[in-house]
Amino acid sequence: MLAVEIFTTRQNPAIDPSLAIWNWEIPVYLFLGGLVAGLLVVGALMELYWPERWERRLSRASAGLGIALLSLGMVALFLDLANKIHVYRFYLAFRPTSPMSWGAWILLVAYPAMALWLLASLDAEWLDEALRKRFPWPRLGARFASWLGRGQGFVERHRRRVLYVTASVGVGLGIYTGVLLQTLVARPLWNSALLGPLFLASGVSAGAAFLLLIAKSDAAKAMLLRWDIAALSIELVLLGLFLVDRMSGAQSERAAVSLLTSGPYTGAFFGLVLLLGILVPLWLERRELSGAAHSRFMVPALVLLGGIALRTILVAAGQTSITGLF
């Protein structure tokens, strides 16, 4: 008697009652985490290696907005948790073999790194005047000014180390947003080692595009354009390798990636992510470096749209596919 092998996607409510348990909160968290990672990587490395083309206020913006945006992302993540009261347990121990444990501690370490960078980028005279003269309680303001002054002195003495740590935290945060999906091996679309680098490149591109919105000097804008072109080019290559990797894999992986290439997500994937999110911004940015002029909001808006679309589509499509072999 011939052996019969049966493949099923297990999309049966009696077996898997909740196939899609992640809603809008996870794509928002992944996007904001990647954006903050891009701000940290681009801002810290620009200040380290190209300080003559950098604006000090962009460091303040990168650190301050990074704290705010990461907090919003963590709120979205918190809203997704089923047992919210148990969130503190992530910080009772560190488990090297647990991706969730790594992610929880990377998120926590990011805050002091951004706070030190923000402190280093503040104008000491303005800070002293604001706390000593404009603070409602002069004595308390003077004490705060003294503490922050000592803190600024420490950061200035170790400025390069702070920037290296900030950039490293940004790289870790950007890669982790992809690893979070990659470790869920039962979802064949996500089970690829390329997701971490892909999400990091996308985050760096989003960070550079966001800074383009607020940069003023031509030198800073030109460098940020080059950062974005490089990041988008790497993202395009990694996205192509990701598709080839899934297409050359097992049957479940080929079926999963077909959701993007010939299924219900094809139009959004190729239209929003590939065309509007990568190819059009690349073309416009190359033209801008050559001297062509266009709206300063167009390219950043398209890049940010592509970043959120990439994560939304991958999260939705990944939950549609599940491996089950009997």
Item to check | Thr312 vs. criteria surrounded by 19 or more Cβ atoms within 10 Å (Cβ to Cβ) and either in contact with a helix residue (DSSP H, G or I) (Cβ under 9 Å, 6 or more places away or on another chain) or touching a residue at least 24 places away in the same chain (Cβ under 8 Å) (or both) | outcome: yes
Checklist entry - Being at pLDDT 95 or above, surrounded by fewer than 21 Cβ atoms within 10 Å (Cβ to Cβ), closer than 22 Å to Phe269 by Cα and small (Gly, Ala, Ser), is that true of even one residue in the stretch 184-202? => result no
Item to check | Residue among Trp227, Trp190 that is in a loop (DSSP other than H, G, I, E, B), touching a residue at least 60 places away in the same chain (Cβ under 8 Å) and more than 14 Å from Arg296 (Cα to Cα) | outcome: Trp190
Next on the checklist: Given (1) touching a residue at least 60 places away in the same chain (Cβ under 8 Å); (2) out of contact with any helix residue (DSSP H, G or I) (no Cβ under 8 Å at 6 or more places or on another chain); (3) closer than 26 Å to Glu52 by Cα, identify the lone condition not met by Ala209.
Outcome noted: (2)
Next on the checklist: Residues that are at pLDDT 70 or above and in contact with a helix residue (DSSP H, G or I) (Cβ under 7 Å, 6 or more places away or on another chain): list the helices (runs of 4 or more DSSP H) wholly contained in the stretch 55-157 that include at least 3 such residues.
Outcome noted: 56-80, 99-121, 138-157
Next on the checklist: Any residue that is in contact with a Pro (Cβ under 6 Å, 6 or more places away or on another chain) and outside any loop (DSSP other than H, G, I, E, B) - is there at least one of those in the stretch 274-283?
Outcome noted: no
Item to check | The one condition in (1) crowded, with 18+ Cβ neighbours inside 10 Å; (2) among the hydrophobic types (A, V, I, L, M, F, W, C); (3) within 27 Å of Met247 (Cβ to Cβ) that Ala167 fails to fulfil | outcome: (3)
Item to check | Single match in Val237, Val299, Val257 (criterion: under 28 Å from Tyr49 (Cβ atoms), modelled with pLDDT of 90 or more, crowded, with 19+ Cβ neighbours inside 10 Å and aliphatic (A, V, I, L, M)) | outcome: Val299
Item to check | Identity of the residue in the stretch 275-296, free of Cβ contacts under 8 Å to residues at least 40 places away in the same chain and out of contact with any helix residue (DSSP H, G or I) (no Cβ under 7 Å at 6 or more places or on another chain), that ends up surrounded by the most Cβ atoms within 10 Å (Cβ to Cβ) | outcome: Leu275
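The values are calculated or read from the model by the stated rules, or taken from the named source; none is laboratory data. These figures come from a predicted structure and were not determined experimentally. Neighbour counts are summed over all protein chains in view; Cβ atoms, including those assigned to glycine, are modelled from backbone coordinates with ideal geometry.
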